[in-house]
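Just so you know, all these numbers are worked out from the coordinates, no wet-lab data involved. Source: prediction; values computed, not measured. Ideal geometry is used to build each Cβ from the backbone, glycine not excepted, and the neighbour counts take in all protein chains shown.
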Amino acid sequence: MGPTLIILFFATLILGIPVAFTMGVAGLAAIFVDGTLNPLAATQRMFAGIDSFPLMAVPFFILASELMTACGLTRALLRFANDLVGHVRGGLGHVNVLVSMLFAGISGSALADAAGPSAIVMGMMRRAGYEANYAGALSSATATIGPIIPPSILMVIYAISTTGVTVAGLFLAGILPGIRLGLALATANHFVSMRHGYRGRDQGATFGELSRSTLAALPAIIMPAIIQGGILGGVFTPTEAGAVASAYALVLGLALKALTARKLYEAFARAAVITASVFLIIAMASIFGWLLTYLQIPQSLAALITSVTQEQIAILFILAGFAFVCGFFIDTLPALIILTPVLGPIAAQAGIDPLHFGMMLVLNLTIGMITPPV
């Protein structure tokens, strides 16, 4: 069964078949080839993978992001970031980083960030004379902040797959790494801008302009504070926080008269499509991960790693490198679902805190996502 599962998975992946169907086809084929497992077990694993109350937070956060975009608050964040840092050297690059950090506190998804503010700023950078390759690379890199700064869809899914961690704990743990990642990207942008002569705006924003743009962006800026404050203060659960965020975005859009019936329909439709694709990936990855566990892949991999070294820091680097390389070829979401039951026991055996391991896994998979050949 093992060779069939692995060969079919990579063969269908190379053929360009969507990863959800890749995992499903490989998993079902392996079950039929083996002959000892009941094929109906695959259906049970699919439903078990998505039958979780915390997963209800995912569609709510996706809907909140779509509603905020429909309200025009993404543009408001761009104006605020441009007024704040657009005048410094490499200004639009810094705008790209800052707006991605702010939008990450709303969307929780690299895809939403890349398709929203990062794509808009990339066009602005190209029109301002930045090289197209650099504008695209920076926009891809800044989008990786989305799954790190809470709320993060990947962290919700990791918390469901792992014992000993909470969504609130993961959200809190993601704040500092997300900020440090943003600062690192801003530093890199500064040195690249010095080398290539990328300048900022001719004049900085006046106090009045900055005040107006801050006021316009304030509703979007305070949403992450509402989410984090409510969760950490014990006011509501992460799932309820997603519902509160969606309700906040809806009420705000109606109050600002920014949501027409058409925009509202389109926001709900996009959220439904994205949610369906996410849950399909989770269901199919649940089959694949279950088969890896059935084949005792985690035990075999743990024995291999411990035969090389038993030092905790060395094992952590090995796991980080493995996750990073997997991110080259597999989308972040299915990779997280597959690798958590495989690498998690190895980390636990080495005494690595599951919270630390989760942040490492999410970060390395996300960085691997923007690394060639993907």
Checklist entry - Helix 132-143 versus the longest principal axis of the chain: what angle, 0 to 90°, nearest 10, using Cα atoms? => result 70
Checklist outcome for this item: Checking rank on 211-222, 352-363, with mean other Cβ inside 10 Å and highest first, the result is 352-363, 211-222
Checklist entry - For the chain, what is the relative contact order in percent, using Cα pairs closer than 8 Å and at least 6 residues apart in sequence? => result 25
Next on the checklist: Compute the helix-to-body angle for 354-369: its Cα long axis versus the longest principal axis of the chain, expressed 0 to 90° and rounded to tens.
Outcome noted: 70
Next on the checklist: Quick check on packing: order 234-240, 283-289 by the mean number of other C-beta atoms within 10 Å, highest mean leading.
Outcome noted: 283-289, 234-240
Next on the checklist: Given a Förster distance of 56 Å, report the FRET efficiency between T309 and A269 from their Cβ-Cβ distance, rounded to the nearest 0.05.
Outcome noted: 0.65
Next on the checklist: On a full-extension model of 0.36 nm per residue, what is the gain between I17 and D353, subtracting their alpha-carbon distance, rounded to one decimal in nm?
Outcome noted: 117.4 nm
Checklist entry - In deg cm²/dmol and to the nearest 500, what is the mean residue ellipticity at 222 nm of the chain if only DSSP H runs of at least 4 residues count, each as -39500 (n - 2.57), divided by the residue total? => result -26000 deg cm²/dmol
Next on the checklist: What distance in nm separates the two pseudo spin-label positions at H190 and Q296, each 7 Å out from Cα along the beta-carbon direction?
Outcome noted: 5.4
Checklist entry - Can you list the residues of the stretch 246-269 with backbone N under 16 Å from a point 7 Å past the Cα of V235, pointing along Cα to Cβ? => result 246-252
Next on the checklist: Tell me the volume per residue, in Å³, of the convex hull enclosing the alpha carbons of the chain.
Outcome noted: 147
Checklist entry - If you plug each phi of the stretch 259-264 into the Karplus form 6.51 cos²θ - 1.76 cosθ + 1.60 with θ = phi - 60°, what whole-Hz ³J(HN,Hα) values come out, in order, with x for Gly and Pro? => result 9, 8, 4, 5, 4, 5
Checklist entry - About the Cα centre of the chain, what is the dipole size in debye to 20, counting +1 per Lys and Arg Cβ and -1 per Asp and Glu Cβ, all else neutral? => result 1040
Item to check | Label-point separation, R75 to A276 (7 Å along Cα→Cβ), nm | outcome: 2.9
Next on the checklist: If you take every residue apart from I106 with its C-beta less than 11 Å away from the C-beta of I106, what net charge results, scoring Lys and Arg +1 and Asp and Glu -1?
Outcome noted: -2
Checklist outcome for this item: Tilt, helix 73-85 to longest principal axis of the chain (alpha-carbon atoms), in degrees rounded to tens, equals 70
Checklist entry - Could you give me the ³J(HN,Hα) list for the stretch 267-279, computed from phi with Karplus coefficients 6.51, -1.76, 1.60 and θ = phi - 60°, whole Hz, x at Gly and Pro? => result 5, 5, 5, 5, 4, 5, 5, 5, 4, 4, 5, 5, 5
Checklist entry - Whole-Hz Karplus ³J(HN,Hα) for the stretch 37-48, in order, using 6.51 cos²θ - 1.76 cosθ + 1.60 and θ = phi - 60°, x for Gly and Pro? => result 9, 6, x, 5, 5, 5, 4, 4, 5, 4, 5, 5
Checklist entry - Counting only Cα, what are the radius of gyration and maximum Cα-Cα distance Dmax of the stretch 295-374, in Å? => result 12.0, 33
Checklist entry - At a Förster distance of 45 Å, what's the computed FRET efficiency of R262 paired with V325, Cβ-Cβ distance as r, to 0.05? => result 0.55
Item to check | Dipole-positive endmost among F207, F53, I145 within the chain (Cβ charges, Cα centre) | outcome: F207
Checklist entry - Relative to the present Cα-Cα distance, how much length would full extension add between D34 and V251 at 0.36 nm per residue of separation? => result 72.7 nm
